[in-house]
Amino acid sequence: MTEAAATATERGARERILAAAVERIASDGIDDMRIARVAMDAGVSTSLVHYHFETREALLGEALEYSYERAGEVRLGEGEEADSDPERRLLAMIDQCLPYPGALRQDWVLWLELWLRSVRHPELGPTGARLYERMRAWLSEGLVACGVPEGSDPGEMADRVLALCDGLGVRVLIGEMAIEYAREQVWGYLAGELGLDASLAAG
């Protein structure tokens, strides 16, 4: 096997491990996740999982980044980028920040695991900070496209949007709030700030 082929094989095994870890963390939680199960799901040995990820925290951090990248591919390929209307694109971006059933809900469960784990494992803090910064920049672009008022900071507005999505999203996730209501609340804030069509979120 050539060096290039060996590298590709190793990369493929690592991605399978991360994909399996995302599923297991979302279904079992990081504390109840078993490396043996992740290895079995990924079709690799437990020693290979330990080779790539020394601790559960390392596996959680990289699984979350992998999940974010995977969600990003959906966003760019099928989501808001396909819409040329800035308002509808921004609304689609908001949808990507809420725990809709399916992959987004799974991603949210991983986020909650990261928040809780980071309290006791500060080494996970940079992972969360890095992902939030990327989401902040991504949302800022959408806000600017819709016309941020002169004197307003799109980054600060993006922070408020993320805070709204986080707070309301948790309530959706535990079943206390309908996701449609959360969507309307976030969009209502943006409609007021940017002069957007407030009824768009109800469509």
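Coordinate-derived values only; no laboratory data. The structure displayed is predicted, hence computed values, not measured ones. All Cβ positions, even for glycine, are placed from backbone atoms using ideal geometry, and neighbour counts span all protein chains on display.
Computed values, structure above
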{"read-out": "Partnerless Cys - the chain, beta-carbon criterion under 4.7 Å", "value": "C146"}
{"read-out": "Pair M40, S199: separation of 7 Å Cα→Cβ label points (nm)", "value": "5.5"}
{"read-out": "Packing-based ranking, highest mean first, of 122-134, 187-199 given that Cβ atoms within 10 Å are counted", "value": "187-199, 122-134"}
{"read-out": "Percentage relative contact order, the chain, counting C-alpha pairs under 8 Å, at least six apart", "value": "18"}
{"read-out": "Computed FRET value (nearest 0.05) for A103 with E150, which takes r as the C-beta separation and R₀ as 41 Å", "value": "0.60"}
{"read-out": "Rg in Å to one decimal, and Dmax rounded to a whole Å, for the chain via C-alpha atoms", "value": "18.8, 60"}
